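Participant: Have a look at this one before I ask anything.
The values are calculated or read from the model by the stated rules, or taken from the named source; none is laboratory data. These figures come from a predicted structure and were not determined experimentally. When we count neighbours, we look across all protein chains shown, and the Cβ atoms used for this are built from the backbone with ideal geometry, even at glycine. Surface accessibility is based on the protein's heavy atoms, side chains included, excluding ligands, DNA and RNA. Shrake-Rupley method; radii C 1.70, N 1.55, O 1.52, S 1.80 Å.
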Amino acid sequence: MQRLSVQDYTSMPWKNGGGVTREIAKLSDNLGLIWRLSLADVTQEGPFSTFPKLSRILTITQGAGMRLIDTYTNKVLLASLHTPTAFSGDQPITSELIDGTIQDFNVIYDQTKTTANVRIIDGPKHTYIESSEGQIRAIYSLFGTFKINQHTLIQYETAVFNSTDRVQMTCEYGSKALLVTFTPRP
């Protein structure tokens, strides 16, 4: 298991230059990105960076949320607090903030190489996180403290582990985290 604190995250400009993202972790192969986890503060409305041939799952971690508008189809997705919202990285998206700035947790992945799933974990909870062969999982702590095996994960920290790790997780009432699961495609 790898435990990552805020100091381990790498800041970089958005592809479109409109802001800064903090890359938490990523996996690539010789053909390119397989998956990436990151955080972004969205302080103004505007276009999203496109990620051709990749898929995205965005979860608002702070703030009221935003509307994601596909500028080709005018289809609107509502991204609200603690609700994973999936869309294609190919989509030309522009955002409208609902009630001020937000922070979002982003999962970007190549769906030809892996599937991705994001779900919310609410405390109290004591469980084992089971993984299938080849899976990689990450837990991002939104609130509270999580005990992952013998390690303590505090707010804004991330634990990344693979299918060979036996993971016991305990958290108290009021704790909340995002659990991301990547399952490789055959």
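Participant: What percentages make up the Cα-Cα pair-distance distribution of the chain when the bins are 10 Å wide from 0?
Facilitator: Taking every Cα pair in the chain, the percentages come to 9, 37, 37, 16, 1.
Participant: By the scheme Lys and Arg +1, Asp and Glu -1, what is the net charge of all other residues having a beta-carbon under 11 Å from that of Asp165?
Facilitator: Taking every other residue near Asp165 into account, the sum is +1.
Participant: Give me the net charge for the shell around Ala64: Cβ to Cβ below 15 angstrom, other residues only, Lys and Arg +1, Asp and Glu -1.
Facilitator: Computed value for this residue: -4.
Participant: Just how large is the dipole of region 88-186 about the Cα centre, in debye to the nearest 20, putting +1 at every Lys and Arg Cβ and -1 at every Asp and Glu Cβ?
Facilitator: Around 360 debye, computed over region 88-186.
Participant: Sorted by packing (mean other beta-carbon atoms within 10 Å per residue), highest first, where do 76-84, 20-28 land?
Facilitator: 20-28, 76-84
Participant: Ignoring ligands, DNA and RNA, what percent of the 1.4 Å accessible area of the chain is carbon and sulfur?
Facilitator: 50
Participant: Let me ask you something else. Take every Cα-Cα distance within region 1-104, group them into 5 Å bins from 0 onward, and report for each bin the whole-number percent of pairs it holds.
Facilitator: With a bin width of 5 Å, the distribution comes to 2, 12, 21, 26, 21, 11, 5, 2, 0.
Participant: Residues with beta-carbon under 12 Å from that of Pro124, excluding Pro124: net charge, scoring Lys, Arg +1 and Asp, Glu -1?
Facilitator: Residues close to Pro124 contribute a combined charge of +1.
Participant: What nm value, rounded to one decimal, do you get for the distance between Asn30 and Thr183 when each label is placed 7 Å out toward the C-beta?
Facilitator: About 2.9 nm, to one decimal.
Participant: Under a cut-off of 13 Å between alpha-carbon atoms, report the aspartates and glutamates in cross-link reach of Lys26, not counting same-chain residues fewer than 8 places apart.
Facilitator: Filter leaves Asp8, Asp110.
Participant: Another one. Can you list the lysines whose alpha carbon is less than 19 Å from that of Lys176, not counting same-chain residues fewer than 8 positions off?
Facilitator: Lys125, Lys147
Participant: Below 8 Å between Cα atoms, with a sequence gap of 6+, how large is the relative contact order for region 88-168 in percent?
Facilitator: Relative contact order here is 26 percent.
Participant: Separate question: Hey, what did region 22-121 get for relative contact order, percent, Cα under 8 Å, at least 6 apart?
Facilitator: Normalised by residue count, the contact order of region 22-121 is 36 percent.
Participant: How high is the relative contact order of the chain, given as a whole-number percent (alpha carbon pairs under 8 Å, six or more residues apart)?
Facilitator: Relative contact order comes out at 22 percent.
Participant: So with the 1.4 Å probe, I'd like the accessible area per residue for region 1-88, rounded to whole Å².
Facilitator: For region 1-88, the solvent-accessible area averages 54 Å² per residue.
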